[in-house]
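Participant: I'd like to ask you about the structure that follows.
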């Protein structure tokens, strides 16, 4: 297969090199593909007309698409969340769109657990006192028996649920279906959410983790009303997308003391502008959209997932990480 890889022009940590490709191809037992590499629009234009597969980061590919690509069978995006590629009318007819879900699992699971541990031990509040130069003793607690709600039980949320269950937490999962999850004491499906079940879950939640994709159904999911439903002293973690929640309402709840703390990895907009209230809201820790990425493993794991999709495509099997534009994940 003729494959074109469009790399970032100035980010070596996330640039796929010929050596990385060769190592991944050897591990996958998949030599023999015809490759081209590009970093400029001209290099993309020169290759895309003959490419049967296109590989690249969503922020690199979006300005280059749509493009005349009559032979294209597969677009593999080295990201999991593809919401900013919508609408997907740029996708050539007959071409499958795949993401790299699974790449982020281990790192995101550890980050999510770390964030919950920070909230349980009141670290966001400690940081606020530190900035003020105030010696103020705060006492945290252990996780066993505490009530954690995770919205989204895919690769990210499911791993966090597994980590939390090992610490003895009572985990409630929220996702599209009510199918049981091995690490959740309870799963609430979106068909039940409409009856107010999610609201009832929030009222019983000590720690809330947002780990779901951004779709029309999840846009603004944690709005001002639902933030108010969280019990006094609850904590919030967001590793999904910034627009899953109302940032101003969250900041208001933190400033008012209704919430004890928050750890946010995603924002709207990104990067956070200078002077934005996010920077100065009390008991809020900012992670600059780095929760799920480990440069040491990101590209090798992404290439493993790409080769799994290539094998499936060649064998006529369903693609393991095919992205459904209609569902948004």
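Participant: Taking R0 as 56 Å, what FRET efficiency do you get between residue 39 and residue 204 from their Cβ-Cβ distance, rounded to the nearest 0.05? Mind dumping the intermediate values first?
Facilitator: Numbers: r = 50 Å, r/R0 = 0.90.
Here the calculated transfer efficiency is 0.65.
Participant: According to the square roots a ≥ b ≥ c of the eigenvalues of the Cα gyration tensor, what is the shape class of the range 1-102, taking rounded for a/c under 1.5, prolate for a/b larger than b/c otherwise, and oblate for the remainder? Display every interim value, and only then the final one.
Facilitator: Working: a/c = 1.36, a/b = 1.27, b/c = 1.07.
Rounded, since a/c falls under 1.5.
Participant: With a 10 Å cut-off between alpha carbons and a GNM built on the chain, which of 300, 232, 269 moves the most?
Facilitator: 269
Participant: Would you mind computing, in nm to one decimal, how far apart the modelled labels at residue 130 and residue 268 are, each placed 7 Å from Cα along Cα→Cβ?
Facilitator: My value for the distance between the label points is 3.0 nm.
Participant: If you don't mind, there's one more thing I want to ask. For the chain, what does the helix formula give at 222 nm: sum of -39500 (n - 2.57) over DSSP H segments with n ≥ 4, over the residue count, nearest 500 deg cm²/dmol?
Facilitator: Numbers: 11 runs with 104 residues, N = 329.
Rounded to the nearest 500, the figure is -9000 deg cm²/dmol.
Participant: Name the most mobile residue of 128, 159, 215, meaning the one with the largest mean-square fluctuation, in a Gaussian network model of the chain with Cα contacts below 10 Å.
Facilitator: It is 128.
Participant: Multiply the residue gap between residue 26 and residue 177 by 0.36 nm, knock off their C-alpha separation, and tell me the result in nm, one decimal place. Kindly include the intermediate steps, with their values, before the conclusion.
Facilitator: Details: separation 151, 0.36 × 151 = 54.36 nm, distance 3.84 nm.
Answer, rounded to one decimal: 50.5 nm.
Participant: So, in Å, what gap is there between the alpha-carbon centers of the range 51-88 and the range 96-125?
Facilitator: If you average the Cα positions of each part, the centres end up 26 Å apart.
Participant: Select one label from (1) 42; (2) 22; (3) 25: the one whose number is percent of Cα pairs over 36 Å apart as derived from the coordinates shown.
Facilitator: (3)
Participant: Determine which residues of the range 261-297 fall in the zone a paramagnetic label at residue 255 would reach in this model, i.e. backbone nitrogen under 15 Å from the point 7 Å along Cα→Cβ.
Facilitator: 275-284
Participant: I've got another one for you. Could you please state, rounded to a whole Å, how far the C-alpha centre of the range 283-329 is from the C-alpha centre of the range 1-36?
Facilitator: Distance between centres, Cα-based: 15 Å.
Participant: Provide the gained length on full extension for the span residue 229 to residue 277, in nm with one decimal, where the gain is 0.36 nm per separating residue minus the Cα-Cα distance.
Facilitator: Working: separation 48, 0.36 × 48 = 17.28 nm, distance 2.28 nm.
Additional length available on full extension: 15.0 nm.
Participant: To continue, here is another question. Only Cα pairs within less than 10 Å get springs; with that Gaussian network setup on the chain, which residue of 163, 50, 110 has the largest fluctuation?
Facilitator: 50
Participant: Between residue 17 and residue 89, what's the calculated FRET efficiency when r is the beta-carbon distance and R0 is 41 Å? Round to 0.05. Working shown, then result.
Facilitator: Values: r = 32 Å, r/R0 = 0.79.
E between residue 17 and residue 89, to the nearest 0.05, is 0.80.
Every read-out reported here was derived from the displayed coordinates using simple, explicitly stated rules and does not represent laboratory data. Nothing here was measured: the structure is a model prediction, and the numbers come from that model. A quick note on method: Cβ atoms are made from the backbone with ideal geometry, for glycine too, and the neighbour counts reach across all protein chains shown.
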